[in-house]
Amino acid sequence: MLPQNKKLTVPIDNENYVRTNAFSIFRFIIGFVLTLLVLIISFDIWSIANKNLLQLLLATPVVFLIGVPCIKDSLNGLLKFRIKLSFLVTLSSFTAYFSSIISFLNPEFMSKSGLANNVYFDVASIIMMIYYCGKILEEYFDFKNNNKINNFKKLIPKTARLLVNGNETIISALELGTGSEFNIEIDEIIPVDGMVIDGITDIDESIISGKSEPVRKKVGDRIIAGSINKSSKIQARANCDGNETLLNQIVSLVEKKQQRKLSISRLIDSVAFTYFIMVIIITIGLYIYWSKTASITNSIGTISNLISLFIILSPCALLLAVMFPISIANLTCLKAGIIIRSIDSFRKANKLKAIAFDKSGTLTMGKPSVIKILPIGLYSEERLIRLAASAEIHSDHPIATAIKNKAESKGIQIDEPDYFFIHDSYGIEATLDNKKILVGNLKLMEEFDIDISPIEESLDEYTKKGNTPAIVAVNGRIAGLINLADRIKPDTNSAIQQLKKLKLTLIMMTGENEVVSSGIATQLGIDAIMAEVQAEEKLNAIESIQNEEKIIGMVGSNFYDAQAIAKSVVGFVIQSNSTITQESGDFSLQKHGLEGVAKAISISRKTMRAIRQNVILSVIFNLLCIPFLLGFINLPNIQFNPGFALYVYGISCVAILLNSFRLVKI
């Protein structure tokens, strides 16, 4: 047994995050406590000996230890000639800190500028902690993004037992090539997509289908990389190279999407340079104004105005403008049963122009039931169902399950076929009692040149109603028709209406023929149909739409949707138990099903609107302060010093908070 191929469980995100980032969380808690103490001590209501010294001792570790990531990032940016958010935060915090040091050590000099006996260690600490709080939030979402990739990689097998001339050699699973034969022992992960060529076993496909019950596999049956052999040793042949398995392709798509992500800091860094230029221009203008209109003594007094300026123009308000809405939106989504797996995808959901849906399990229940049995010639209903159910015995397709359930409900015995083969997206070929049985769609019958004229009229009638007929042929002749219907989910109609109100183009993708899919699309009011498309074709369709510069999201619920979900700009996974499908999505919808898609997009739009409003609010407060800083407006008995500037900054932050909390009511 290969120990590295044992099943790996995926830790819960939050628990794993705390375990991995324990030091960062500990540092944040220490910084928060120290900043709170500095703030409390700074109030004039306390009579504390050596008050300023105590604030200095408490604020110093916050600025220079808790602030290490900020300081390092700002220096790295300067070395690359980039003005970043971290540089502006460091500039603001250092301005407040070192001016307080001067005030503390040389109060006589600072008294000339109106700062006598005033220190602003609380300001320096608060600015640095707000930045660090934003970094903690960003690290959490980045961790979730990276955790998705790591979870996938844990599911990929590392080794395989290659068979060459009857001899077994252990090699890397990536070295397997198409046609390679290999052994799989009990409790080992299947290393590559392939087909069983010897033995019978039960395979745990829970990461694929989400079903806990193992699936019986025998010679000729398909096996998928990532699933686990549970009962006995088997021999298989690879259908693809080791690095081209469906699981590896999904991982590759998710990794490429993550490489294009835009973090909170990068979003704010994009405007940091403009922010910096504004600070420099106002600072120079302030100095020139006071130098030409005031005495030299009063010119020294501009230090107070300069410190106030740096505090008011601190980009912390800009950070809060982005950080708070995203944090509150995340909590709002969690409350609604929507898990956000990527901040960047949450942001991009605001720009979606089209939504593509898989039909089965997304728009419909995904559990068709037999509503009509139409035997032809000498075949009875019971005999037709027995042959179809026996042919489908090893298939886990929803249509196969429905036919087998019908047979069991009628008390009809289901027999083991002598031969069984799945024709992907077409149907089943089997041999039973020396009879060659075909159960599937029109394309399967065309492939075997079966004359469908005996059932052609009924076939057209059922498909136009949006039903799914399964044609049964025995020994090259039509034996009958089994009509199945998949009920539309209760919330589908209301969800479609909600999405239409968001002015999105709605597209249905399905493997069924155009007549069947048109019936359902007409009932739901869907704008466009892509019929008879398989998993790979869905992927190509998503890519083609994106190449037309149309931002599209994909909604699905099963393993075969995972590639298209991962490829889309924003992927939504609805109530899926499949680990692979869950991890491929950007949004996981656990409660409201399809209505959750509309809610997630609506929350994204309102959040981005709140962010834009917050940025405008913070800029307005800054602009209102500039006339006071430049001395154009003087209020009696009010000195515009750094302490007053902090109050104005606080009002700006409160305004941002109140505007952000409106998202709670979504």
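The values are calculated or read from the model by the stated rules, or taken from the named source; none is laboratory data. None of these values were measured; they are calculated from a predicted model. Counting neighbours? That spans all protein chains shown, and the Cβs are built from the backbone with ideal geometry, glycine included. Please note that ligands, DNA and RNA were not included when accessible areas were found on the heavy atoms of the full protein model with its side chains. Shrake-Rupley method; radii C 1.70, N 1.55, O 1.52, S 1.80 Å.
Overview of results
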| item | result |
| --- | --- |
| Test: residue in segment 492-511 that is at pLDDT below 85 and of a type in the set (D, E, K, R) | no |
| Restricting segment 209-227 to residues that are open to solvent by less than 10 Å² (accessible area, probe 1.4 Å) and among the aliphatic types (A, V, I, L, M), the residue that is nearest to Ser584 (Cα to Cα) | Ala225 |
| Verdict on Lys406 being charged (D, E, K, R), open to solvent by less than 80 Å² (accessible area, probe 1.4 Å) and touching a strand residue (DSSP E or B) at 6+ places or on another chain (Cβ under 9 Å) | yes |
| Subset of segment 370-399 [within 26 Å of Ile574 (Cβ to Cβ) and at pLDDT below 90] | Ser395, Asp396, His397, Pro398, Ile399 |
| Output for segment 515-553, where each listed residue is among the acidic types (Asp, Glu) and either within 30 Å of Leu444 (Cα to Cα) or in a helix (DSSP H, G or I) (or both) | Asp527, Glu532, Glu536, Glu537, Glu543 |
| Residue check, Ala430 surrounded by 15 or more Cβ atoms within 10 Å (Cβ to Cβ), in contact (Cβ under 8 Å) with a residue 24 or more places away in the chain and touching a Pro at 6+ places or on another chain (Cβ under 8 Å) | yes |
| Subset tally (residues that are in a strand (DSSP E or B) and in contact with an Asp or Glu (Cβ under 9 Å, 6 or more places away or on another chain)) for segment 484-505 | 1 |
| Residue tally, condition more than 20 Å from Leu176 (Cα to Cα), among the charged types (D, E, K, R) and either modelled with pLDDT of 90 or more or open to solvent by less than 10 Å² (accessible area, probe 1.4 Å) (or both), over segment 228-258 | 0 |
| Lone unmet requirement of (1) open to solvent by 10 Å² or more (accessible area, probe 1.4 Å); (2) over 30 Å from Leu378 (Cβ atoms); (3) aliphatic (A, V, I, L, M) for Ala521 | (1) |
| Unique match (being of a type in the set (Ser, Thr, Tyr), open to solvent by less than 30 Å² (accessible area, probe 1.4 Å), part of a helix (DSSP H, G or I) and over 22 Å from Gly476 (Cβ atoms)) among Thr401, Thr362 | Thr362 |
| Residues satisfying the stated conditions in segment 225-256, i.e. free of Cβ contacts under 8 Å to residues at least 40 places away in the same chain and of a type outside the set (D, E, K, R) | Ser227, Ser252 |
| Residue in segment 507-514 that is hydrophobic (A, V, I, L, M, F, W, C), within 30 Å of Pro375 (Cβ to Cβ) and either open to solvent by less than 40 Å² (accessible area, probe 1.4 Å) or part of a helix (DSSP H, G or I) (or both) present | no |
| Single residue of Leu79, Leu105, Leu65, Leu85 found to be surrounded by 17 or more Cβ atoms within 10 Å (Cβ to Cβ) and either out of contact with any Gly (no Cβ under 8 Å at 6 or more places or on another chain) or modelled with pLDDT of 85 or more (or both) | Leu85 |
| Meets criteria (open to solvent by 30 Å² or more (accessible area, probe 1.4 Å), within 25 Å of Ala521 (Cα to Cα) and not aliphatic (A, V, I, L, M)) for Ser327 | no |
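Table: residues versus (1) touching a Lys or Arg at 6+ places or on another chain (Cβ under 9 Å); (2) surrounded by fewer than 17 Cβ atoms within 10 Å (Cβ to Cβ).
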{"position": "Thr169", "(1), (2)": "yes, yes"}
{"position": "Glu175", "(1), (2)": "no, yes"}
{"position": "Gly179", "(1), (2)": "yes, yes"}
{"position": "Glu185", "(1), (2)": "yes, yes"}
{"position": "Ile189", "(1), (2)": "yes, no"}
{"position": "Val192", "(1), (2)": "no, no"}
{"position": "Ile197", "(1), (2)": "yes, yes"}
{"position": "Ile200", "(1), (2)": "yes, yes"}
{"position": "Ser206", "(1), (2)": "no, no"}
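For every residue, the table says whether it meets (1) in a helix (DSSP H, G or I); (2) at pLDDT 85 or above.
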| residue | (1), (2) |
| --- | --- |
| Ala600 | yes, yes |
| Ile603 | yes, yes |
| Phe628 | yes, no |
| Ile638 | no, no |
| Val648 | yes, no |
